[in-house]
Amino acid sequence: MQESTHVAVAVIGDDRQQVLLTRRPDHVHLGGLWEFPGGKTEAGEDAEQALAREIHEELGITITKARPLIRISHAYPGKTVLLDVWRVEHFEGVPYGREGQVMEWVPINELADKSMPAADVSILNAVQLPDCHLITPEPGDDQGAFIRQLESRLVSGIKLIQLRATQLPVDDYAMLANEVIGLARRHGARVLLNQSLRDFKAGSADGLHLNSGRMLAMDERPRLAPGVLLSASCHNKEEVRHANRLGLDFIMLSPILPTQSHPGAETLGWDGLQKLTELASMPVYALGGMTPADRQRAFGRGAQGIAAIGALWG
């Protein structure tokens, strides 16, 4: 049986969109690699208590506000680690290497350039993803009104969009996608296209979203350009496990709560969300009956945040 280690990890950011990394000493396991600070939980501690203790011991700061970000289980040869990752939203003091470790503030968009342990890849995705994910409604006949409403959502702060337009022919979808992507770029947001892999031509799109049927038909992750996100919709543990095998960047779990569009559908509920987020090896958005007010509850169940159509479209 492999040794299992429970580690509390901190993602500490500043107001310049930078995140604090420390470098592992050369003589330890995975020495020389950069990592998010933290350490092992001790007997009788929960993850939040271990986080506060470890960060004070390592960096000399006191955490005053933090929330769960993601939990990742990763198997190394002879050893399994459970990374219990928290986003530190406020702290007191000035961080420094109390144990002599090298530390560096790294811009979020440069984190992927650092050599880090394999277990930290999903943490990188979680750090770079927002806590609200907008799925667009069908554009309808008045695409001008659709674009104007989308711009109002971007102005309000939306940073991740899935363009869902199942009724449009492929060529018309491509034309709308170009307009949506250009608009999103001006507001610093990312756009995923909801279509088949066959029709997907990345161009300037930031990623591809698959429905569960398209995802299950894949035996391996398709080769997309570097940095292109791949996400999927999941509804049960079999689909989540398949998403893990493919190495997706994030998934959406649904339905969490009843929705107006599917009032009689069986729902996962908050407990079901938690069970599946613990099974997932990537960030998870809760979908179905969600509003921005549900974000804190979703965080507490291990989710990246919420995804929605109407509640975010306004």
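The values are calculated or read from the model by the stated rules, or taken from the named source; none is laboratory data. Quick caveat: nothing in here was measured; it's all calculated off a predicted structure. Using ideal geometry, Cβ is built from the backbone for each residue, glycine included, and neighbour counts are taken over all protein chains shown. Accessible surface areas use protein heavy atoms only, side chains included; no ligands, DNA or RNA. Shrake-Rupley method; radii C 1.70, N 1.55, O 1.52, S 1.80 Å.
Some observations on this one:
- Of the helices (runs of 4 or more DSSP H) that lie entirely inside the stretch 226-314, those containing 3 or more residues that are open to solvent by 20 Å² or more (accessible area, probe 1.4 Å) and out of contact with any Lys or Arg (no Cβ under 9 Å at 6 or more places or on another chain) span 237-246.
- Sole exception among (1) open to solvent by 60 Å² or more (accessible area, probe 1.4 Å); (2) touching a residue at least 60 places away in the same chain (Cβ under 8 Å); (3) in a loop (DSSP other than H, G, I, E, B) for Val94, by number: (2)
- Flag for Leu69 being at negative phi and in contact with a Pro (Cβ under 9 Å, 6 or more places away or on another chain): yes
- Within the stretch 115-146, considering residues that are of a type in the set (Ser, Thr, Tyr) and closer than 22 Å to His209 by Cβ, the one least open to solvent (accessible area, probe 1.4 Å): Thr136
- Within the option set His90, His74, being at pLDDT below 90 and not aliphatic (A, V, I, L, M) holds for one residue only, His74.
- The stretch 67-90 residues that are under 12 Å from Val121 (Cα atoms), paired with ones that are among the basic types (Lys, Arg) and open to solvent by 30 Å² or more (accessible area, probe 1.4 Å) (beta carbon under 7 Å, 6 or more apart): Leu83/Arg71
- None of Val7, Val81, Val19 is β-branched (Val, Ile, Thr), assigned to a strand (DSSP E or B) and closer than 14 Å to Met103 by Cβ except Val19.
- Scanning the stretch 29-66 for residues that are at pLDDT 95 or above, among the aliphatic types (A, V, I, L, M), within 16 Å of Leu83 (Cα to Cα) and out of contact with any Phe, Trp or Tyr (no Cβ under 6 Å at 6 or more places or on another chain) yields Ala50, Ala52, Ile55.
- Single unsatisfied condition, Ala43 versus (1) surrounded by fewer than 12 Cβ atoms within 10 Å (Cβ to Cβ); (2) closer than 25 Å to Ala303 by Cα; (3) free of Cβ contacts under 8 Å to residues at least 24 places away in the same chain: (2)
- Single residue of the stretch 97-108 satisfying the filter (over 13 Å from Val11 (Cβ atoms) and open to solvent by 30 Å² or more (accessible area, probe 1.4 Å)) that is nearest to the chain's Cα centre (by Cα): Pro107
- The listed residues are Ala174, Ala184, Ala165, and the only one of them that is more than 17 Å from the chain's Cα centre (by Cα), assigned to a loop (DSSP other than H, G, I, E, B) and closer than 30 Å to His235 by Cβ turns out to be Ala165.
- Only a single item in (1) within 22 Å of the chain's Cα centre (by Cα); (2) open to solvent by less than 40 Å² (accessible area, probe 1.4 Å); (3) farther than 27 Å from Asp46 by Cβ is not met by Ala112, and it is number (2).
- Screening the stretch 122-145 for residues that are touching a helix residue (DSSP H, G or I) at 6+ places or on another chain (Cβ under 8 Å) and part of a helix (DSSP H, G or I) and picking the one that is nearest to Leu160 (Cα to Cα) gives Gln128.
- Options Gly203, Gly157, Gly213: the member that is part of a helix (DSSP H, G or I) and surrounded by fewer than 16 Cβ atoms within 10 Å (Cβ to Cβ): Gly213
- Pairs with Cβ under 6 Å, 6+ apart, first in the stretch 109-131 and within 20 Å of Glu89 (Cβ to Cβ) and free of Cβ contacts under 8 Å to residues at least 60 places away in the same chain, second of a type outside the set (S, T, N, Q) and crowded, with 19+ Cβ neighbours inside 10 Å: Leu124/Leu111
- Out of Gln162, Gln195, Gln149, one residue alone is open to solvent by less than 40 Å² (accessible area, probe 1.4 Å) and closer than 17 Å to Trp313 by Cα. It is Gln162.
- Residues that are touching a strand residue (DSSP E or B) at 6+ places or on another chain (Cβ under 6 Å) and more than 30 Å from Ala280 (Cβ to Cβ) were ranked within the stretch 57-91; the one that is surrounded by the most Cβ atoms within 10 Å (Cβ to Cβ) is Ile61.
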